[in-house]
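See structure below.
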Amino acid sequence: MQDNIADGSTDTSDISAVVGIGHTDYVDDYRRVRNGEKPHDSYGYATVAFKKALADAGIDRSEVDGLIVGPTTAYERMGEILNIDPTWGGQADAVQAVFQAVMAIKSGMAEVVALVYGNDQRSAAVQYGGPQAMGGQSFLSYVYHSPWGLTSQGALYALMFQRYKALWDLSDKDLGQVAVGQRQWASLNPNAIMSKKPLTIDDYLAAPYVAEPLRLNDYCLINDGGVALIIMEASRARKVAQKPVYIRGLGRSDLNHQATSLGPRLVDFYRPAQQKAAQQVYSAAGIGPKDIDALLVYDSFTPHIFFALEGFGFCEQGEAAHFIAQTGIGVNGKLPINTHGGHVSESYMQGWNHQIEAVRQVRGGLDQRQVTDCRHVQYISDVAGKAMSVIYGA
Amino acid sequence: MSQQPRLYSPYDEPMWKSIAQGEMKLQRCTESGVFRYPPGPACPETLSLNYEWVPISGNAKIISWTVFHRKYLPAYPAPHLVVAIELEEGPIMVSYMDHDVIDRIRLDAPVKLEYVDHPDGYRIPKAVLAD
């Protein structure tokens, strides 16, 4: 028992707040790329988003003393383009970037951290499966799985969900609820790529399998775009921003034992890690699952939603399908999930678009998709055995 | 024609040589007796650097499966059935099966490993239903 974590004394509450957010026009970029144009590269998308986030924060670039870039851009080059010479910086994925910003601020290494992400994955025709899979040569899973034909992240989640589905005797319809619910939210989001196409459960079932039991609409989009956030030390944020969105808590726990041979996925469904991360994040924020007004889950594939709901205590083990059907996760549902449409319907920004949706919902004033009295928004991801969560609040 | 797929580490080569000979061997820690896969420098249980290469029985059970409905790799046209199996010796490994047995695939169904030729020129362990 790691006492300081188990008793919830991990103090990550109210160290920092988000004071600015920015993003590119996913819909227009998607349209242009489909027409054969290349509006920007990864750095260009990140720069567009950064300028918007800075304007949203209402601060000058000279105030930024921390810089964290996403995994698709080189740190030094991004800093060169933005002309930021930070006292602390680095490269991280979306949720780890938020954690690192909080840690840098807590330690005094920086006070104003810019998080910037840009990705030209669609125009660059990035492959996430098959012989040319991005970075595949360096991943253990590609070496120890590809001789037998297993090469994509989607297929790993297909394996995981097939076992879950067999253990709990679920149907394809049960999984389809997620894609249908998120598409409802996307229909209210003008910046969602899939905003104009409604999806019924029959449409879902009529679409082909990719890696069974996952169908086309269980997969995230592949698109170009950028996202940026400005995270500021909390007392300074109160002076600068009209409505700072505080980071109320963080939680993280990883499972590495037997990771290559898929033990954490297929034996544990990441649950022990999620339970530990849940304890940390809820203790720090002083709330529990029942207090969450909107839930945002990293959804490269729809099964993530099932594992997040069970691992973080929204429902019991094996109950997620029933919970989703009874509670409702789409528009008018009691637990709104991925209110921007998520990766499967809004935009695949590798978790970065979820962070700015949390901020938008807590700030309030969204049109039709505003969650009523939205005080706490929780983000959950389980990427590669790292169970992580952030709670944002007013 | 290569004799083995691309190696990730120096510990991989004895395993692929044993597969080429039709008798898959895995590392076993001489202190804990724990089998490990994938091959590596130390036993995760004891961190002991001492190990021996021991043939496995080839007996396993299915713990999950997925069918690829698109061709991702030239060697495996769709539909392609990939399985995760738990070896009698403990480790989980990924393998594949002929798609025509799909209706008989169940959790915990017993399988055996056979050794077949991969189009890229090496032998590979493949799972077949045991009953």
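Compute for chains A and B the buried accessible surface, both sides summed, probe 1.4 Å, and express it in Å² to the nearest 100. Approximately 3100 Å², summed over both chains. Note on chain A: with a GNM built from Cα contacts shorter than 10 Å, the maximum mean-square fluctuation among A:231, A:68, A:15 falls on A:15. Each Lys or Arg adds one and each Asp or Glu takes one away; over the other residues whose Cβ falls under 12 Å from the Cβ of residue A:177, this sums to -1. Residues of region A:254-273 whose accessible area (probe 1.4 Å, heavy atoms of protein chains only) drops by at least 30 Å² once all protein chains are present, relative to their chain alone: A:257, A:261, A:266. The Cα atoms of chain B cover 42, 35, 22 Å along the three principal axes, with the biggest extent listed first.
Of all the options B:85, B:62, B:102, the one that moves most in a Gaussian network model of chain B with Cα springs shorter than 10 angstrom is B:102.
Counting heavy atoms of the protein chains alone, residue A:376 has an accessible area of about 30 Å² for a 1.4 Å probe. Remark on residue B:96: its backbone amide H falls under 5 Å from those of B:83, B:127, a criterion applied only to residues 5 or more positions apart or on other chains, H modelled at 1.01 Å from N.
The string of couplings for region A:113-119 from the Karplus curve (6.51, -1.76, 1.60, θ = phi - 60°) is 10, 8, 10, 10, 9, x, 8 Hz, one whole number per residue in order, with x for Gly and Pro. Our coupling estimate for region B:115-123, obtained by passing each phi through the Karplus curve with A = 6.51, B = -1.76, C = 1.60 and θ = phi - 60°, is 10, 10, 8, 8, x, 7, x, 10, 8 Hz, Gly and Pro reported as x. Among the listed pairs A:52/A:239; A:38/A:386; A:243/A:276; A:106/A:276; A:52/A:243; A:165/A:386, a Cα-Cα separation exceeding 26 Å is found for A:38/A:386; A:243/A:276.
Please compute the net charge surrounding residue A:106, taking Lys and Arg as +1 and Asp and Glu as -1 over other residues with Cβ under 12 Å from its Cβ. Surrounding charge for residue A:106 is -4.
Rounded, prolate or oblate: which one fits region A:272-392, using the alpha carbon gyration tensor with axes a ≥ b ≥ c (rounded when a/c is under 1.5, else prolate when a/b beats b/c, else oblate)? Verdict is rounded for region A:272-392. In this structure region A:54-117 gives 42 Å² per residue of accessible area when probed at 1.4 Å with all protein chains present.
Beyond 16 Å, the tail of the calculated P(r) for region A:33-86 holds 46 percent of the Cα pairs. The Cα trace of region B:10-56 gives Rg and Dmax of 10.1, 30 Å, the first to one decimal, the second as a whole number.
Within the accessible surface of chain A, defined with a 1.4 Å probe on protein heavy atoms only, the carbon and sulfur portion equals 48 percent. Here the Karplus curve 6.51 cos²θ - 1.76 cosθ + 1.60, taken at θ = phi - 60°, turns the phi angles of region B:10-22 into couplings of x, 7, 6, 4, x, 5, 5, 5, 5, 5, 4, 8, x Hz, with x standing for Gly and Pro.
Over chain B, what is the relative contact order in whole percent, taking alpha-carbon pairs under 8 Å and six or more residues apart?
The value is 23 percent.
Under a Gaussian network description of chain B, with springs only between Cα atoms under 10 Å, the residue in B:101, B:116, B:34 that fluctuates furthest is B:101.
Taking all protein chains as shown and a probe of 1.4 angstrom, residue A:197 keeps an accessible surface of around 130 Å². Beta bridges per DSSP, both residues in chain A: antiparallel share near 70 percent.
What whole-number value in Å² describes the accessible area per residue of chain B for a 1.4 Å probe?
48
Taking all Cα-Cα distances within chain A, those exceeding 27 Å account for 46%. Here is the list for region A:270-341: trypsin sites (Lys or Arg not before Pro) lying in DSSP coil, each with at most 10 other C-beta atoms within 10 angstrom of its C-beta, are A:334.
Its Cα gyration tensor gives region A:139-268 an equivalent ellipsoid. The semi-axes, each the square root of 5 times an eigenvalue, are 33, 25, 15 Å from largest down. Near residue A:84, within a Cβ-to-Cβ distance under 15 Å, what is the net charge of the other residues, with Lys and Arg +1 and Asp and Glu -1? Charge balance in the 15 Å sphere: -4.
When the alpha-carbon atoms of region A:27-129 are used, the pair Rg, Dmax equals 14.6, 47 angstrom.
At q = 0.16 Å⁻¹, what is the base-10 log of I(q)/I(0) for region B:57-131 according to the Debye formula with one equal point scatterer per Cα and no solvent? Please give it to two decimals. Per q value, in the given order, log10 I(q)/I(0) is -0.54.
Sparsely packed loop sites in region A:135-243 (the trypsin sites (Lys or Arg not before Pro) outside DSSP H, G, I, E and B with at most 13 other Cβ atoms within 10 Å) comprise A:196.
The values are calculated or read from the model by the stated rules, or taken from the named source; none is laboratory data. Here the structure is a predicted model, which means the values were calculated and not measured. Counting neighbours? That spans all protein chains shown, and the Cβs are built from the backbone with ideal geometry, glycine included. Each accessible area value is taken on the protein alone, full model and side chains, heavy atoms only, with ligands, DNA and RNA left out. Shrake-Rupley method; radii C 1.70, N 1.55, O 1.52, S 1.80 Å.
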